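What follows is one structure encoded as structure tokens, with my remarks underneath.
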């Protein structure tokens, strides 16, 4: 039985010893679970591109029979696997089967006939005696032995001990099954059934999938367990858990009177606690069967087996459950509920693509709340939903980049996914909602198969009788939440009182949602429901009594922020600097209010100017930053305004043509012991100033056209390997949650938008004391010069320098004015230590891993290091930096951070803001001045390549000249790869270009020709935003047909193209902003998806007409 399938894992955590003394909070445990999942997933990333071979696509597996003998003392597995299937092709002459290379194959048979085979790498190839025709059945048996390994460090197989007794366990997600049995390890092909006959010492108990058929005694104090599972199952869900289990069971009785045994395999010393903890399971099954429909494996069982790995996994019909979760106190009933619900949503129906992972984890998280409701009614359900709202969710439920581990295992997927279902229940009503949920779980199109968000939406619409596209667009495909501000007043009216509610949304695109309004006075109350869908709306309500209170959404059916207060109209015009003419169709972006402690904004939005160049927003009071953009113009200067009343005369000026430059070619032939000195000219063919920054890099063992990943050597409860000697006990602090909020990235990151309260630093009490040597003046490398934007701002940033010395990364910032008073100076220096935008907090295309916060937080001006925790979506405090100094009249601040603590990066990305905390609006400053890029500093010496200088400024019509020196001295003969990354900023427009340089020292050839990529790649479109044309670069490691699809914000496909076979290498696709029918599409946000049949990537782009 072949079904497109992807897997989902719910991993738990190794419980902290402190949990033995006190009950952890649910949010604490949630955060630890998700961070654990993310870490494990990252370790498995090398396996995620695994695909079925061409041969494997030509046959379908129908059943497996595993006959296994296990000898724990010698750690030996010996046995056979029978694989039954059916050919999907004519003349199928061989079968390719996955089996890790360390396992030894003794023989292979088909119908008793020995087969010729090869076992190369992790692939076993059987040569069939006669080719199979299409739909011909087959059965082959493979005899093998060996010591199963961990599947590349995945924890696939464990030989452990439990109180002196062997403990054997498996956890095969994602592609670890071939570590212990030969199979077609393709999750797209579910076998209809699997049978396991496992022989072990007779003091051990074997727990596995399906029903136990019997136990057969064997000679030598051994016995065989016979398990049979007759439901479609993927290979990674096949499991074993073996030790001297104590067993007990209870029963679930369905609404129709059918009984199903619930079986538990637990450590003997945990028996009483497990009996207590698992006593709730029958009630859970009943509760979920009532809500979702009958348990999907009713003819067999639901089981739970304890294992020592400290985690948990929803193996089909037999959940593996961490021993640390058994307390006898029902502390983790919600985890039991979460895992059980995966039998419906995860095992029976699985999301079709990782981008829709909320279909697994959001549903299971919502099931936790439904279990609370079944036990405590509405109040328990309401409180549980509130516990799933941390105040901010980064990104959308639909994951744009399905290889972004931080996004896949973020609280957005779990908790916002739960809220999406909760709010859908509020929109549809209880009866339609739960009818739709049951219909979805029982739909034969998805049952034991796969589904997407659109599939679930269609089921809901069929029940609801109306389109729900608006709902799924704003809650699945859009990030954020509605931000409401309201005022109200009551006046006498005929027959009673009339109350007017003024409701405003500060969101750029307002949300459409039903809102309950409750008017009350003492014991009297009246409820009304309104549909709000605009930035500004007024509603009137008539009551017989005079209300003294008004509540918006009092029962919390909407995920929101809400405040009662005033809002004001802010408007103005956008003009062309050349002739002061109005500029229609310009995009005006605002951010704010600005946090006075951090200099970052709490929200953002935009408007498009009308035919007269005018715009208008409704904003709550506070400090804001505004700027205008339009294709063909440079971005306007950023304007800061304090909103405390109506503003109607704002003028934003667009000027100069779009930034443009050209690069000369770089290439030469070198003889041995010769060098090349040449100029790289970056020509400014626009007007205004052009800033150019060059970064040299050593890419010998990396793909030059992709971000280099430098693994951080970090471990520990939250922040890995925080080594004590780096921070003596007098200075070392524990991980202090910052409780901050993130902001989802707007389409081009025009401004910095992340709030991270730093009050904790004021309470740290850690002395400001240097542990490192002073930096060496001669080693400073200037990586940026910032033009002065504000003569009134003494903290305006001027230059940025770095040096790598004595095991530290030093950064020096200079300002145009004196640092007086130093207590008012604040700066946030964001560091990307692994050079990957896919890890950390995304700021201006920088994946921020660390933050150095410079300021006076109670102990004088000093700098403190914080780490971005993707699980909690906050910065967490590590401690003071290793070195710090400043000079108020010398106008400089210097800090140093241990390079080892940052993961020994080869280069770092840097983004900086600085401001006067006493007067933030007119003093906030960013480096680089463009607001659109970031600095990048190389910390790794490339001995044969030098660039001088690393930055340059070019006026209109002039060039920035960079001297390139290639001198292959003191290096052995060989093949070397390096390159130059150029970040060019032209008054607001940022462009990134990469020039690879290849050096074959044996033949003495240096060239700028690109190589064939080692893996599938899809780049960001350029330009972006665009009108109407844009180009997308992608790389193919092998020849392939490519499918290019473009979707609008609602998920509708507007363009599709399938190419003829393309050769390996890099290719460019150009889109002209037209649909497949040749019609111009409207301005807006679009997603493009490019796939080569094995891999796919999705990126976001913006069309502005």
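A few comments on the model shown:
- Matching residues in region 480-491 - criterion: being part of a strand (DSSP E or B), over 13 Å from residue 530 (Cβ atoms) and either touching a helix residue (DSSP H, G or I) at 6+ places or on another chain (Cβ under 8 Å) or touching a residue at least 12 places away in the same chain (Cβ under 8 Å) (or both): 483, 485, 487, 490
- Qualifying residue in region 392-406 (condition: modelled with pLDDT of 95 or more and in contact with a strand residue (DSSP E or B) (Cβ under 6 Å, 6 or more places away or on another chain)): no
- Given (1) within 20 Å of residue 807 (Cβ to Cβ); (2) assigned to a loop (DSSP other than H, G, I, E, B), index of the condition residue 908 fails: (2)
- Residue under evaluation residue 586, criteria (1) closer than 24 Å to residue 503 by Cβ; (2) buried (at least 22 other Cβ atoms within 10 Å of the Cβ); (3) at pLDDT 85 or above, criterion not met: (1)
- Within region 85-115, being in contact with a strand residue (DSSP E or B) (Cβ under 8 Å, 6 or more places away or on another chain), without any contact (Cβ under 8 Å) to a residue 40 or more places away in the chain, surrounded by fewer than 17 Cβ atoms within 10 Å (Cβ to Cβ) and part of a loop (DSSP other than H, G, I, E, B) holds for 101, 111.
- Enumeration of residues in region 1018-1061 that are in contact with a strand residue (DSSP E or B) (Cβ under 6 Å, 6 or more places away or on another chain), at pLDDT 85 or above and surrounded by fewer than 15 Cβ atoms within 10 Å (Cβ to Cβ): 1056, 1057, 1058
- Qualifying residue in region 145-162 (condition: free of Cβ contacts under 8 Å to residues at least 40 places away in the same chain, assigned to a strand (DSSP E or B) and either outside the structural domain of residue 62 (by TED's automatic domain parsing) or under 29 Å from residue 301 (Cα atoms) (or both)): yes
- Unmet requirement for residue 223, which otherwise passes all of (1) touching a helix residue (DSSP H, G or I) at 6+ places or on another chain (Cβ under 9 Å); (2) surrounded by fewer than 20 Cβ atoms within 10 Å (Cβ to Cβ); (3) free of Cβ contacts under 8 Å to residues at least 60 places away in the same chain: (1)
- Residue match in region 451-462 (condition: in contact (Cβ under 8 Å) with a residue 60 or more places away in the chain, in the same structural domain as residue 362 (by TED's automatic domain parsing), farther than 30 Å from residue 874 by Cβ and crowded, with 21+ Cβ neighbours inside 10 Å): yes
- Residue selected from region 203-228 under the condition under 35 Å from the mean Cα position of the chain (by Cα) and in a strand (DSSP E or B), by the criterion farthest from residue 143 (Cα to Cα): 207
- Per-region count, region 492-509, residues outside any strand (DSSP E or B) and either at pLDDT 95 or above or out of contact with any helix residue (DSSP H, G or I) (no Cβ under 9 Å at 6 or more places or on another chain) (or both): 5
- Lone unmet requirement of (1) in a helix (DSSP H, G or I); (2) under 23 Å from residue 339 (Cα atoms) for residue 462: (2)
- Options 528, 539, 545: the member that is surrounded by fewer than 21 Cβ atoms within 10 Å (Cβ to Cβ) and in contact (Cβ under 8 Å) with a residue 40 or more places away in the chain: 545
- Selected residue (only one of 200, 140, 194 is in a strand (DSSP E or B), surrounded by 24 or more Cβ atoms within 10 Å (Cβ to Cβ) and modelled with pLDDT of 95 or more): 194
The values are calculated or read from the model by the stated rules, or taken from the named source; none is laboratory data. In this text the structure is predicted, and so the values were computed from the model without any measurement. With ideal geometry, Cβ positions are generated from the backbone for all residues, glycine too; neighbour counts draw on all protein chains shown.
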